[in-house]
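Peer 1: Take this structure first; my questions come after.
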Amino acid sequence: MQLALFIIFGLLAVAGAINFLLQRHPINSALSLIVVMMSLAVLYWSLGAEFLAAAQVIVYSGAVMVLFVFVVMLLNAGEEERTHGSRAAYFAGIPGATAIFCLLSFVFLTNGKAFGSTDLINHLTHTTNNIAEISQVLFRDLLLPFEVTSVLILVAILGAVVLARKEQ
Amino acid sequence: MSHLTDFQIFLILSILKIAVVLVITLTAVAYTVLLERKLLGRMQNRWGPSRVGPFGLLQPLADGIKLFLKEDLMPMASERPLFILAPIIALSCALISVAVVPFGAVTRIAGVDMFDISDINIGLLVILGITSIGVYGIALSGWSSNNKFALLGSLRATSQVISYELALGLSLVGVVLRAGSLRLRDIVDSQAGHGLFSWNLIGGGQIIAFFIYLMAAYAETNRAPFDLPEAESELVAGYHTEYSSMKFAMFFMAEYANMITVACVATLLFLGGASSPFGNLLPTPTSPIIAAILPIFWFVLKVFSFLCLYIWVRATVPRFRYDQLMSFGWKFLLPVAILNIIATSLVLALRG
């Protein structure tokens, strides 16, 4: 069951990502990005991280992408023109992508055991509570970094307000 | 059923549950439209639909046939795939969220809970997530119809839904804090002690949260007094101006299905779900059938009263202006919701 879900939604995510690059209209690209995010959420869920899955759907596909679509609709962005791109991209792009792929797969294959394994059975049968564990880590063990991150986001919001404010 | 494996029994019962709940929800959607027209009619001192069938009870059927038989117009300059996709997104998102609603007491047949399609331990977040995906239906419909009224309507709807989602989500935090879980069954169980007086609305001290939820939910479902996305005096019909026949009907059904979902969530979170308001005052029913049906009766009664409240508000309150709507959501509802969270967590911390 889990393998079937992984194959279906993994393929869907890859297909969405390729479609995202190939589509010429920004709104179609945005929609395929939503497909990618939703399939990622399903993958998280099948790994027993249901809170992460819900957060992924609510935050990314529900809030961030809505803003993207909103901006595309408001600006009425047309179809993008197809250019040949820079020459540097051609020469550096494909080898670079291959190198990153090789590096990542090397790291995952050699150090896979060092990442540790999750307690999948207990998560899937709901004997351990995902949300309780996350909140213990976030609000007790790592409280200071968590609060510092929220201050960081507040700074970003204030910066946006300052930039958007009308000149007196 | 002995020759079936556990998984096969689970599969058959699940499909059966989904089919039954889907049919009941769609029927409820059709009759909510009738209820609204009837109640609005009585409140405005007229009869409402009364010709088709006894008391106009077959009116939804007639409406359905009419919408099916109408010509399906497609604007020339529309984005065709998205124009078709938009009502599908809207309706399916509206219907999916009923799947996590527990509408009766735990009743197991062959190990499967019969009155709950899926019992997930993040049920509340699933509902919020599906609601936030439903925005795309409206956003895309307005943009793809290539019509200025539709675009304006969908822009209004999208920004309104995004803004009020914050207040809506924050108003639920108090309830979640009290229950200590996001699972809807746990939230219902946390209000099961003494009937009416242990409901979050009354005994739980979440009455402010309830009213925040109420107002945010009206805005989320684009209903009066926040029905600016389809304000007919300025925007023709808003985001579904270009839609006709069944595509329009899908938006229409999505709106009413959302109303029902919102009513279900309010019932579960603030009105004690399927528990009886009289607590232990009523004798426990001895027959297992009555014991199974009575909670469903309470649940349906609560959802029905919430829907009546919806319609009553629509008949009473005039439409907001757009800037009033936005400042109300951001400058009033949001801070009050945050204060409610702080107060609830302080009380819980002092008690526990």
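The values are calculated or read from the model by the stated rules, or taken from the named source; none is laboratory data. Predicted model only: the values in this text are computed from it and were never measured. Note that each Cβ is placed from the backbone with ideal geometry, even for glycine, and that neighbours are counted across all protein chains shown.
Peer 1: How many of the residues making up region B:172-186 are crowded, with 22+ Cβ neighbours inside 10 Å and more than 12 Å from chain A (Cβ to nearest Cβ)?
Peer 2: 4
For every residue, the table says whether it meets (1) assigned to a helix (DSSP H, G or I); (2) touching a residue at least 24 places away in the same chain (Cβ under 8 Å); (3) not hydroxyl-bearing (Ser, Thr, Tyr).
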{"site": "B:ILE290", "(1), (2), (3)": "yes, no, yes"}
{"site": "B:LYS302", "(1), (2), (3)": "yes, yes, yes"}
{"site": "B:PRO318", "(1), (2), (3)": "no, yes, yes"}
{"site": "B:ASP323", "(1), (2), (3)": "yes, no, yes"}
{"site": "B:TRP330", "(1), (2), (3)": "yes, yes, yes"}
{"site": "B:LEU333", "(1), (2), (3)": "yes, yes, yes"}
{"site": "B:ILE338", "(1), (2), (3)": "yes, yes, yes"}
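Peer 1: When you go through (1) farther than 30 Å from A:VAL72 by Cβ; (2) surrounded by 22 or more Cβ atoms within 10 Å (Cβ to Cβ); (3) more than 9 Å from every other protein chain (Cβ to nearest Cβ) one by one for B:PRO87, which number turns out not to apply?
Peer 2: (1)
Peer 1: Now for a separate question. Of all residues in region B:33-54, how many are loosely packed, with under 14 Cβ neighbours inside 10 Å and assigned to a helix (DSSP H, G or I)?
Peer 2: The number of residues fulfilling the criteria is 2.
Peer 1: Please count how many residues of region B:186-232 are of a type in the set (Asp, Glu) and not in a helix (DSSP H, G or I).
Peer 2: 1
Peer 1: Is there a residue in region B:260-279 that is surrounded by fewer than 20 Cβ atoms within 10 Å (Cβ to Cβ), out of contact with any Phe, Trp or Tyr (no Cβ under 9 Å at 6 or more places or on another chain) and closer than 30 Å to B:VAL347 by Cα?
Peer 2: Yes, region B:260-279 has at least one match.
Peer 1: May I ask you to verify whether B:GLY169 is over 27 Å from B:PRO81 (Cβ atoms), in a helix (DSSP H, G or I), touching a residue at least 12 places away in the same chain (Cβ under 8 Å) and within 11 Å of chain A (Cβ to nearest Cβ)?
Peer 2: When the stated conditions are applied, B:GLY169 passes them.
Peer 1: Let me ask something else about it. Please state which one of B:GLY205, B:GLY195 is out of contact with any His (no Cβ under 8 Å at 6 or more places or on another chain), surrounded by fewer than 18 Cβ atoms within 10 Å (Cβ to Cβ) and of a type in the set (Gly, Ala, Ser).
Peer 2: Testing whether each residue is out of contact with any His (no Cβ under 8 Å at 6 or more places or on another chain), surrounded by fewer than 18 Cβ atoms within 10 Å (Cβ to Cβ) and of a type in the set (Gly, Ala, Ser) leaves just B:GLY205.
Peer 1: If we scan region B:117-138, do we find a residue that is surrounded by fewer than 22 Cβ atoms within 10 Å (Cβ to Cβ), away from chain A (no Cβ under 14 Å) and farther than 30 Å from A:GLN136 by Cα?
Peer 2: Checked region B:117-138: at least one residue is surrounded by fewer than 22 Cβ atoms within 10 Å (Cβ to Cβ), away from chain A (no Cβ under 14 Å) and farther than 30 Å from A:GLN136 by Cα.
Peer 1: A:ALA88 fails exactly one of the following numbered conditions: (1) within 24 Å of the chain's Cα centre (by Cα); (2) at pLDDT below 75. What is the number of that condition?
Peer 2: For A:ALA88, the exception is condition (1).
Peer 1: Quick check: anything in region B:189-202 under 16 Å from B:ASN340 (Cβ atoms), within 14 Å of another protein chain (Cβ to nearest Cβ), hydrophobic (A, V, I, L, M, F, W, C) and under 19 Å from the mean Cα position of the chain (by Cα)?
Peer 2: no
Peer 1: Taking the stated definitions as given, is B:LYS66 assigned to a helix (DSSP H, G or I), under 30 Å from B:LEU124 (Cα atoms) and of a type in the set (Lys, Arg)?
Peer 2: The answer is no for B:LYS66.
Peer 1: Have a look at B:ILE289, B:ILE311 and point out the one that is modelled with pLDDT of 75 or more and surrounded by 15 or more Cβ atoms within 10 Å (Cβ to Cβ).
Peer 2: Exactly one residue qualifies, and that residue is B:ILE311.
Peer 1: Quick check on my filter: what residues within region B:91-110 are in contact (Cβ under 8 Å) with a residue 24 or more places away in the chain and within 14 Å of chain A (Cβ to nearest Cβ)?
Peer 2: B:CYS93, B:ILE96, B:SER97, B:VAL100
Peer 1: Could you tell me whether B:ILE187 is modelled with pLDDT under 85, closer than 20 Å to B:PHE103 by Cα and not polar (S, T, N, Q)?
Peer 2: So B:ILE187 passes the test.
Peer 1: Any residue at all in region B:145-155 that is crowded, with 24+ Cβ neighbours inside 10 Å, within 13 Å of chain A (Cβ to nearest Cβ), in a loop (DSSP other than H, G, I, E, B) and modelled with pLDDT under 85?
Peer 2: Yes; the residues of region B:145-155 include at least one that is crowded, with 24+ Cβ neighbours inside 10 Å, within 13 Å of chain A (Cβ to nearest Cβ), in a loop (DSSP other than H, G, I, E, B) and modelled with pLDDT under 85.
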